[in-house]
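Have a look at the structure below, then the notes.
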Amino acid sequence: MEYEAVIGLEVHIQLLTKTKIFCGCSTDFGAPPNTHVCPVCMGMPGVLPVLNKKVVEYAIKLGLALGCDINKFSRFARKNYFYPDLPKGYQISQFELPILENGGVEIYINGEYKRVALERIHMEEDAGKTVHRPDGSYVDYNRAGVPLLEIVSRPVMHTPQEAGEYLRSLRKIVRYLCICDGNMEEGSLRCDANVSVRPRGETKLGTKTELKNMNSFKHVEKALEYEIERQIEVLEDGGRIEQQTRLWDEKQGITKPMRSKEESFEYRYFPEPDLVPLMIDDSWIGKLRDEIPELPRKKLERFVSEYGIKEEDARILTDEKELADYFEEAAKGYKNPQAIANWILSELLGYLNKENKEIKNTVVKPSQIVELVELVDGGTINGKIAKSVFKDMYKTGKNPKDIVNDKGLVQITDRSALEGIVEDVVKNNPKAVEQYKSGKKNTIGFFVGQVMKATKGKANPKLVNEILVQKLGE
Ligand SMILES: [Zn+2]
């Protein structure tokens, strides 16, 4: 029997506000434990939460970017459960009236666009962090009260790859909007996955399991792959899927049961009495709409139409807003945007990726890429020399023209000078000449190599080829 998987994702993003959602404490990551706390986020008796306006603005911006319905009237709710890292004994979240509903995330998979429908997005506060050590368990409340948006997709994805693309697209958008840094390792983007399988053609959903503890896109995909296989095996053996929460074990590459249905929580949601309902008016939404930057898909299409670069290149260049801005600054200044794109994608990103660095960390300026491409296009240096010049630029931040002048790298295009060198090479390699004349035309590569060696790579390759063909033909 053929099976189909059904996947829905719940993503928590940590918002880039300076302060927490209901108090003025800092949201900075990595501070010593319990230094960013106050009576409000420690859940002391008698304190009152005050909603951070920025959190609402970020939520509305995301809603606008994803085409969600923005509820003009929404309400916070208490989600009750006990855990040491939750000082109040409840989490302030939203339940029956979330700020955003519907909308979708566009993903690009197997050469086409697909829209993954959303169910809802709501605001809530984060819990603290429990740290278990051999000498005991500790709790750090720095994270308690840090603002989150929970983005709940509908169960409409069918492969781990779709789930991975969904996460990448969502991350790209929240980074473009500057509302979340999308750093999965530091936990500012977290993902839980609901997955079930059913015979292909069946419309009823199978029993799902919930997967937790995946801290990279790769692990989400791997965990889903494993879990789908596991569920299919259980069903094939005539068993039944138990509804449960399972943890991804990265080292073993398997999912393990954490708690089953009987132990699952009953949260006893009720409207938060300490906060008034939230009212949003159109003028506020309009103002925020004006602040939304050009989003990745639009930018990609514009790069293709405006600069005439390849679509797959535009896709990579628009992955990060900083990279897109970098390309655009360079491309604006020169008539050959595709060459600019090539240098950024192959050389600059190549070096940056090798060192695990981001575009903002490079000393190479967009104008220097333009200068380098001009040197190549104008015939001052050849492509091979340009690569070594780039390496120098990347290390030192020097201008390509200065590097070329200081090192004397200007291309040799003087025909008579090159003819002399070619003649020497031909004279010194009689065996290769014989081979060439006996029909092994690809021996020419060897001669070109010899000429390049003699000129320290500076000869104009096209001219060398021309002269070689002529001399070897004599
Ligand atoms: Zn606080």
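The values are calculated or read from the model by the stated rules, or taken from the named source; none is laboratory data. Note that the coordinates shown come from a computational prediction; the quantities given were computed from them, not determined experimentally. Here the Cβ positions follow ideal geometry from the backbone for every residue, glycine too, while neighbour counts run over all protein chains shown.
At a glance:
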quantity: So Val105, is it within 16 Å of the ligand (Cβ to nearest atom) and touching a Leu at 6+ places or on another chain (Cβ under 9 Å); calculated: no
quantity: Subset of the range 435-474 (residues that are among the hydroxyl-bearing types (Ser, Thr, Tyr) and over 16 Å from Gly420 (Cα atoms)); calculated: Tyr436, Ser438, Thr443
quantity: Qualifying residue in the range 308-317 (condition: surrounded by 13 or more Cβ atoms within 10 Å (Cβ to Cβ), in contact with a helix residue (DSSP H, G or I) (Cβ under 6 Å, 6 or more places away or on another chain) and among the acidic types (Asp, Glu)); calculated: yes
quantity: Among residues of the range 59-75, those that are part of a loop (DSSP other than H, G, I, E, B) and of a type in the set (Lys, Arg), counted; calculated: 2
quantity: Residues of the range 303-357 satisfying the condition of being among the small types (Gly, Ala, Ser) and either in contact with a strand residue (DSSP E or B) (Cβ under 8 Å, 6 or more places away or on another chain) or not in a loop (DSSP other than H, G, I, E, B) (or both); calculated: Ser305, Ala314, Ala324, Ala330, Ala331, Ala339, Ala341, Ser346, Gly350
quantity: Candidate set: the range 144-159, residues that are within 16 Å of the ligand (Cβ to nearest atom) and of a type outside the set (A, V, I, L, M); chosen: the one farthest from the chain's Cα centre (by Cα); calculated: Gly145
quantity: Matching residues, the range 42-72, being within 16 Å of the ligand (Cβ to nearest atom) and in contact with an Asp or Glu (Cβ under 8 Å, 6 or more places away or on another chain); calculated: Leu48, Pro49
quantity: The range 10-29, subset under 12 Å from Ser188 (Cα atoms), assigned to a loop (DSSP other than H, G, I, E, B) and in contact with an Asp or Glu (Cβ under 8 Å, 6 or more places away or on another chain), residue nearest to the ligand (Cβ to nearest atom); calculated: Phe29
quantity: Strands (runs of 3 or more DSSP E) lying entirely in the range 134-223 (those with 2 or more residues that are crowded, with 21+ Cβ neighbours inside 10 Å); calculated: 147-153, 189-199, 209-214
quantity: Meets criteria (touching a residue at least 40 places away in the same chain (Cβ under 8 Å), out of contact with any Ser or Thr (no Cβ under 9 Å at 6 or more places or on another chain) and hydrophobic (A, V, I, L, M, F, W, C)) for Cys180; calculated: no
quantity: Lys256 assigned by TED's automatic domain parsing to the domain that holds Thr27, assigned to a strand (DSSP E or B), within 29 Å of the chain's Cα centre (by Cα) and exposed (fewer than 14 other Cβ atoms within 10 Å of the Cβ); calculated: yes
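Every residue, every condition in (1) assigned by TED's automatic domain parsing to the domain that holds Ala223; (2) out of contact with any Gly (no Cβ under 9 Å at 6 or more places or on another chain); (3) surrounded by 14 or more Cβ atoms within 10 Å (Cβ to Cβ); (4) part of a loop (DSSP other than H, G, I, E, B), yes or no:
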residue	(1), (2), (3), (4)
Gly8	yes, yes, yes, no
Pro33	yes, yes, yes, yes
Leu48	yes, yes, no, yes
Lys54	yes, yes, yes, no
Glu57	yes, yes, yes, no
